[in-house]
Amino acid sequence: MNLSDDELDRYARQIVLRQVGGVGQRKLKDASVAIVGAGGIGSAAIPALTGAGIGKLTIIDDDVVELANLHRQPLFRQSDAGKAKAELAAAFARNLNSHTEVRPIQERIEPDNAQRLLGGHSLVLDGSDNFATRLAVSDACVSLSIPLISAAAVQFQGQVGLFRSRPCYRCFVGDAFDSEDCDNCAELGVLGALTATVGSFAALLAINSIVGIGEDQEGRLRLFDGEKLDWRTIRIPADPACRACGSV
Ligand SMILES: [Zn+2]
């Protein structure tokens with residue numbers, strides 16, 4: 001897919017990067033990314049990916065804006081309270097970059113609709129706020145063979161990982177949390193600067209992965225400690241008994 005003069009002007013500062021160039025920019029344009037959750041992580045990842053020139057962006061969120069979201073979700077304004085996040089985030093993205101085809105979906109991802117909603121994308125970035133959704137997203141990505149970037153932030157801890165079928169996110173967390181919202185921000189608290197850090201990292205990982213920049217990050221989980229201001233990396237081993245990827 002060729003780039004127009006307008007696109008060459010718009011992306012000039014990233015096309016000039018040796019690691020991106022015109023070839024990388026076209027890869028971004030050819031990419032179709034589903035973002036699960038237009039919350040704190042989505043508020044950082046959606047502008048970064050839209051601005052970078054991702055060709056197609058699907059924004060999936062069933063929630064509406066509340067006043068208590070605004071400290072970590074700068075996609076939204078005070079006057080947006082009560083309005084659907086997916087629609088507002090899509091309007092933001094369309095205003096930022098008319099070259100990105102944006103599709104909002106106001107649905108909650110569950111095990112029985114995840115494959116339908118995520119099918120056809122080249123990458124999924126999950127910034128949802130609970131284990132049940134993350135596991136449903138992960139299982140669907142394993143079944144559909146779609147790379148998954150899973151990102152989460154709660155209290156002062158953040159984590160971001162890239163999974164390609166095996167090991168998968170379920171290998172990391174196991175089966176105990178499918179019906180639990182046990183790490184929900186509403187109960188535990190989180191800082192907006194932390195969700196923005198993790199969301200921006202996830203967007204960078206997505207761009208690097210799509211363009212092919214740097215070493216492949218599959219199966220590595222980056223953990224951010226917001227008190228020590230320190231990142232560390234762990235490798236996720238594949239669980240031979242994993243019910244999602246164990247038989248793949
Ligand atoms: Zn697994």
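None of the figures in this text is laboratory data; all of them are computed from the coordinates on show. Everything numeric in this text was worked out from a predicted model, so none of it was measured. No Cβ is skipped: glycine too gets one built from the backbone with ideal geometry, and neighbour counts run over all protein chains shown.
With both residues required to sit in the chain, DSSP beta bridges show an antiparallel share near 50%. Per the Debye calculation on the range 44-129 with a single equal scatterer at every Cα and no solvent contribution, log₁₀ I(q)/I(0) for q = 0.20, 0.22 Å⁻¹ amounts to -0.98, -1.15. For the chain, the alpha-carbon radius of gyration amounts to 0.96 times the rule-of-thumb value 2.2 N^0.38 Å expected for a compact globular protein.
Among Val65, Val137, the ranking by other beta carbons within 10 Å of each residue's beta carbon, starting with the fewest, stands as Val65, Val137. Under the membrane-span-like helix rule (DSSP H runs whose alpha carbons stretch at least 24 Å along the helix axis, mean Kyte-Doolittle hydropathy 1.0 or higher), the chain yields 192-211. In a reduced charge model with +1 at each Lys and Arg Cβ and -1 at each Asp and Glu Cβ, the chain shows a dipole moment near 800 debye about its Cα centre. Note: relative contact order over the chain, using C-alpha pairs below 8 Å and six or more positions apart, is 20 percent. Relative to the current alpha-carbon distance between Glu218 and Ala68, full extension at 0.36 nm per residue lengthens the span by 50.6 nm.
Of the residues Phe163, Phe131, Phe92, the one with the fewest other Cβ atoms within 10 Å heads the list, and the complete ranking is Phe92, Phe131, Phe163. Model label points for Asp6 and Ala176, set 7 angstrom from Cα along the Cα-to-Cβ axis, are 5.2 nm apart. Counting other Cβ atoms within 10 Å as a rough exposure proxy, the listed residues Ser143, Ser43, Ser209 run Ser143, Ser209, Ser43 from fewest neighbours to most.
For the chain, the 222 nm mean residue ellipticity estimated from helices alone, with every DSSP H stretch of n ≥ 4 adding -39500 (n - 2.57) and the total spread over all residues, rounds to -10500 deg cm²/dmol. Measure off 7 Å from each Cα along the Cα-to-Cβ vector at Leu144 and Arg116, then give the distance between these two points in nanometres to one decimal. Taking the simple label geometry, Leu144 and Arg116 are separated by 1.3 nm. Placing dummy labels 7 Å off each Cα toward the beta-carbon, the span from Asp230 to Glu101 is 4.7 nm.
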